[in-house]
Amino acid sequence: MSKIIALAGNPNSGKTTLFNALTGSHRHVGNWPGVTVEKRSGILEVEDQNLEIVDLPGTYSLSAKSEDERIAASFLAEAQVDLIINVLDASNLERNLYLTTQLLELGKPVVFVLNMMDDAERRGIQLDIPALETLLGGPVIPTIGNRAEGVADLKTELLKVLAGTEPKIRNFLAETAGHGPMDYGHDIEGELAKLVSLIKRDEHLAESIKPRWLSLQLLEGSPEAVKLVGESHAREAIMAQLEASRSFLHAHLGEDAATLLAEYRYGFLHGLVLEVAKLPETPQVSHTTKLDRLLTHRYLGIPIFLAVMVAIYTLSFVLGKYPQDWIDKGFKVLSAFLSAKLPTGELTSLLTDGIIPGVSAVIVFLPVIMILMGCISFLEDTGYMARAAFIMDRAMHLMGLHGKSFIPLLMGSGCNVPAIQAARTIESKQDRLITILVTPLISCSARLQVYIVIAGTFFKPFGAALAIIAMHFLGFGLAMIIGRILRSTLFSGPSAPFVMELPPYRMPVLKATIIHMWDKAQVFLTRAGTTIFAGATLVWFLSRYPGIANSGWNLEYQQQRNAVLALQISAEQKDDQLKNLELAKESRIVNHSLAASLGKTVEPVLRPILDPDHKRTEAWKDVIALTAGFVAKEIVVSTMAVIHQASELPKAGEKLSPLQLSLRDHTGLTPLTALAFMIFTLIYTPCLGTVAMIRREAGSWGWAGFSVGYGLGLGWLLAWGTVVIGRMMGFV
Amino acid sequence: MTQNQRDADNNPDEAAGAQFLSQLLPGMSATVVQLQAKGAIRQRLLEMGFIRGATLKVEKLAPMGDPMELVLKGYHLSLRRDEGACILVQPLAQVIG
């Protein structure tokens with residue numbers, strides 16, 4: 001079995017860059033069991049040994065208060081971890097070492113990586129590495145993360161430590177007869193000893209976790225530690241002692257145990273840093289401070305931020321549109337080619353109308369996902385992301401959201417799918433979930449295509465533009481309101497602290513950005529792709545069966561076709577007639593499909609919105625279009641074209657397309673019900689891609705179902721409200 | 001009763017010039033006196049270095065006035081003002097210029 005090495009460190013310490021440098025291409029991205037926190041692991045091949053490297057979430061401590069900390073703490077305590085690499089930011093040593101004081105309690109060999117040595121040197125910080133090695137009890141390897149300097153030394157060191165031939169490794173627990181690497185003072189050590197002796201009564205418990213570490217966690221109030229003790233037969237004695245220790249410490253030292261422990265740790269670290277680091281006498285103004293004078297400037301900060309957002313938006317959704325169109329076109333050509341070559345029938349239709357569009361519906365997201373994720377990863381690595389959150393937090397907090405929620409919401413107006421993936425950057429689970437759940441309300445470019453057709457049909461040009469803009473404002477407004485409502489109902493617990501580090505600006509490593517883009521694409525294909533594909537195929541089935549299998553209809557179509565082919569008319573006319581025939585056939589299949597039956601069943605529910613006077617005979621057809629639109633909202637339009645047997649492309653010299661004319665003259669929709677239809681399209685459900693992404697990012701089908709459910713409910717209510725109020729005001 | 005009076009009643013250190021971190025202006029330095037936050041926020045603040053006696057400086061406020069940027073133990077971090085309102089600090093004599 002290969003040895004397991006865990007990579008631990010603070011956020012922004014350069015951990016992931018080091019992970020990339022160590023593992024090369026042998027890497028795997030997945031999720032930690034049961035949660036939506038990314039787990040990166042990879043194989044380091046060195047001197048014909050295979051070492052497994054696991055990158056832990058970046059944390060400031062192991063207090064197990066947040067999801068990330070819980071994951072890191074429980075993985076590190078596992079017996080299978082043979083060695084810990086602790087990545088430290090050399091330019092910010094004191095706070096980085098806080099985590100170290102906890103890692104050392106785990107009783108495992110730790111190798112320290114002193115990263116960002118160049119930053120420290122630039123700031124005039126001199127470090128005494130041998131002294132640091134003695135104090136920390138492990139080898140210290142200086143590195144410069146973005147130049148992979150020092151990585152070779154680290155590899156050699158890892159082998160030495162694993163082989164047990166590294167004299168620098170100190171076993172504090174053995175040396176100090178039970179004390180850890182640091183002494184918490186007479187009173188706390190006394191209480192720790194009492195807890196340890198009680199824990200040792202349960203051999204099984206003492207085997208599974210270092211008793212001293214467990215005692216420290218208990219004193220700090222870790223719920224995980226309490227849970228662990230809860231399974232022990234000695235739980236009553238331990239918990240009673242814990243209560244006694246806590247009140248003793250509070251009475252004697254005037255603060256609760258968690259505060260005291262933190263104070264001792266920082267006290268110890270302050271002394272340690274004084275001993276090993278020489279700071280410049282007059283601290284220089286760093287380039288970060290200089291940059292921040294501009295980037296978080298009182299007046300310029302917001303305009304600069306908006307300019308950055310415009311740049312990212314343009315890159316992702318304007319530039320990204322080109323490859324998207326190529327992919328779309330490529331699949332359409334393939335599908336047309338196959339349907340011309342293969343005999344007409346169910347299997348061909350499954351392939352050309354079901355599978356190929358299904359695959360296309362997945363692949364088409366890739367360019368924009370990769371570009372947007374690349375930009376976001378770049379912003380994160382430079383350190384600007386934290387500033388973006390800093391600048392926008394006030395406005396976002398009013399909506400019940402976090403400063404980092406702004407980017408997903410804004411990008412949602414391009415496409416909700418990558419926007420939800422972008423919510424990953426929000427650390428707190430609550431804030432992330434609220435952001436994920438309100439993002440689908442932001443009107444995306446696919447929905448815009450629906451508005452353009454509908455508004456263009458029923459309103460004068462100015463009114464149509466106004467209606468389309470109103471849809472976008474409605475989306476943002478609803479996101480705000482729903483955000484607030486979710487915050488005060490489902491997520492009413494204490495909101496996560498906004499104590500956020502503003503890391504120094506750094507030049508990102510291009511390779512890291514590319515790896516990140518690739519990881520995101522891979523995760524999307526494997527985790528969300530299957531759902532989208534399955535959904536698209538299901539909708540194909542619903543809208544084609546049973547008509548497609550009707551041999552009588554197929555025969556009729558063939559006869560009509562042959563009749564047209566036999567006519568003595570120009571090739572152009574013939575082509576036109578053949579197209580009409582095909583559309584008529586498609587229309588017949590769809591209008592007698594399972595989706596049509598569904599439409600007829602569901603229509604009464606939507607009647608108050610789409611058919612308030614109950615005069616329309618074909619309101620059920622709207623339901624077919626909306627059902628098909630679940631795959632991707634722009635499909636609403638192309639489905640309507642099929643249902644109403646009218647092309648979406650306007651004839652030469654005409655402003656409205658046959659579809660629009662048909663919608664206006666034959667369907668019985670009025671400007672008011674058309675507006676209600678637009679509102680319903682905005683909200684009724686996130687599209688399939690978005691649902692798949694919500695399920696992946698929120699971690700459960702429950703939240704995905706919730707977003708569909710509340711979308712349907714809210715969409716219905718608002719569309720209905722529009723109709724009712726509109727009619728009261730005299731509109732029809 | 002004004003907000004300030006109420007704060008003074010709740011906290012005897014007010015007489016000695018202690019203030020809440022949220023009341024400091026950009027450019028001011030202070031030492032931490034006491035954390036009044038509870039739960040996860042308290043734990044996070046402790047880990048980030050908000051312990052008794054630690055020196056911090058208010059670097060600036062965000063363009064919309066909240067959150068605030070602080071320098072603590074040589075690194076920069078941001079904090080919402082309502083979180084700053086849970087941290088009692090003793091302002092240091094202001095360096096002129």
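Spacing of the modelled spin labels on A:Thr617 and A:Asp325, each 7 Å from Cα toward Cβ, amounts to 4.1 nm. Taking a point 7 Å from the Cα of A:Ala244 along the Cα-to-Cβ direction, the residues of the stretch A:180-214 with backbone N closer than 15 Å to it are A:190-201. If you wrap the tightest convex hull around every Cα atom of the stretch A:3-173 and split its volume per residue, you get 109 Å³.
For the stretch A:497-549, the Kirkwood estimate of the hydrodynamic radius, built from every pair of different alpha carbons, is 15.3 Å. Legend: mean number of C-beta atoms from other chains within 10 angstrom of residue C-beta atoms, peptide A:81-93, equals 1.
When the Cα positions of A:Ser492, A:Thr513, A:Ser570 are compared along the charge dipole of the stretch A:487-617, A:Ser492 comes out farthest toward the positive end, with charges on each C-beta of Lys, Arg, Asp and Glu. Note on A:Ser597 and A:Ala148: the extension gain reaches 155.4 nm, defined as 0.36 nm multiplied by sequence separation minus the Cα-Cα distance.
Peptide A:483-489 has a mean of 0 when you count, residue by residue, the C-beta atoms of other protein chains within 10 Å of its C-beta. Return the Rg/Rh value of the protein assembly as shown, two decimal places, where both radii are evaluated on C-alpha atoms and Rh is the Kirkwood radius. On the Cα set of the protein assembly as shown, Rg over Rh gives 1.05.
Put a plus charge on the Cβ of each Lys and Arg, a minus charge on the Cβ of each Asp and Glu, and nothing anywhere else: the dipole of the protein assembly as shown about its Cα centre is then about 2520 debye. In a reduced charge model with +1 at each Lys and Arg Cβ and -1 at each Asp and Glu Cβ, the stretch A:185-278 shows a dipole moment near 180 debye about its Cα centre. With respect to the cross-link table entries A:Lys15/A:Lys511; A:Lys460/A:Lys579; A:Lys227/B:Lys38, which display a Cα-Cα separation exceeding 19 Å? Pairs exceeding 19 Å: A:Lys460/A:Lys579; A:Lys227/B:Lys38. For a straight C-alpha distance cut-off of 16 angstrom, the lysines reachable from A:Lys341 (same-chain residues fewer than eight places away being disregarded) are A:Lys332.
Along the charge dipole of the stretch A:3-173, which of A:Pro130, A:Leu103, A:Gly145 sits closest to the positive end, that is, farthest toward it, with unit charges on the beta carbon of Lys, Arg, Asp and Glu (+1, +1, -1, -1)? Working it through, the farthest residue towards the positive pole turns out to be A:Leu103. Hey, what did chain A get for relative contact order, percent, Cα under 8 Å, at least 6 apart? Relative contact order comes out at 10 percent.
For the stretch A:3-81, count the residues as N, evaluate 2.2 N^0.38 Å, and divide the Cα radius of gyration by that value, please. The partial results should precede the final answer.
On the way: Rg = 12.4 Å, N = 79, 2.2 N^0.38 = 11.6 Å.
For the stretch A:3-81, the normalised Cα radius of gyration comes out at 1.07.
Here A:Lys600 is the anchor, and the aspartates and glutamates within straight C-alpha reach of less than 19 Å, apart from those fewer than 8 places off in the same chain, are A:Glu586, A:Asp611, A:Asp613, A:Glu618, A:Asp622.
Across the stretch A:3-173, Cα pairs under 8 Å and at least six residues apart give a relative contact order of 22 percent.
Pairs from the table (A:Lys585/A:Lys615; A:Lys65/A:Lys520; A:Lys39/A:Lys633; A:Lys108/A:Lys200; A:Lys108/A:Lys160; A:Lys429/A:Lys520) lying more than 23 angstrom apart at Cα are A:Lys585/A:Lys615; A:Lys65/A:Lys520; A:Lys39/A:Lys633. Given A:Ser245, A:Leu401, A:Leu542, which one lies farthest toward the positive end of the charge dipole of the protein assembly as shown, if we put +1 on the Cβ of every Lys and Arg and -1 on the Cβ of every Asp and Glu? Working it through, the farthest residue towards the positive pole turns out to be A:Leu542.
Taking 0.36 nm per intervening residue step and subtracting the Cα-Cα distance, what contour gain separates A:Lys341 from A:Phe473 on full extension?
In short, 42.8 nm is gained.
Reported value for the stretch A:608-699: 104 Å³ per residue, from the convex hull of its C-alpha atoms.
For q values of 0.10, 0.13, 0.15, 0.20 Å⁻¹, compute log₁₀ I(q)/I(0) with the Debye formula on a Cα-only model of the stretch A:134-244, without solvent. One equal scatterer on each Cα of the stretch A:134-244 leads to -0.44, -0.65, -0.77, -0.99.
Extension gain for A:Ala584-A:Leu717 works out to 44.4 nm (0.36 nm per residue, less the C-alpha to C-alpha distance).
The ratio of the alpha-carbon radius of gyration of the stretch A:205-326 to the globular-protein estimate 2.2 N^0.38 Å is 1.92. Highest mean packing first, where packing is the average number of other Cβ atoms within 10 Å per residue, the peptides A:718-730, A:385-397 line up as A:385-397, A:718-730. I'd like the antiparallel share, as a percent to the nearest 5, of DSSP beta bridges with both residues in chain A. Bridges in chain A are about 45 percent antiparallel. Inter-chain neighbour count for B:77-83: the average number of beta-carbon atoms from partner chains within 10 Å of each residue's beta-carbon is 6.
Only the coordinates and a few stated rules stand behind these numbers; no lab work does. Since we're looking at a predicted model, the values are computed, not measured. Please note: Cβ atoms are built from the backbone with ideal geometry, for glycine as well, and neighbour counts cover all protein chains shown.
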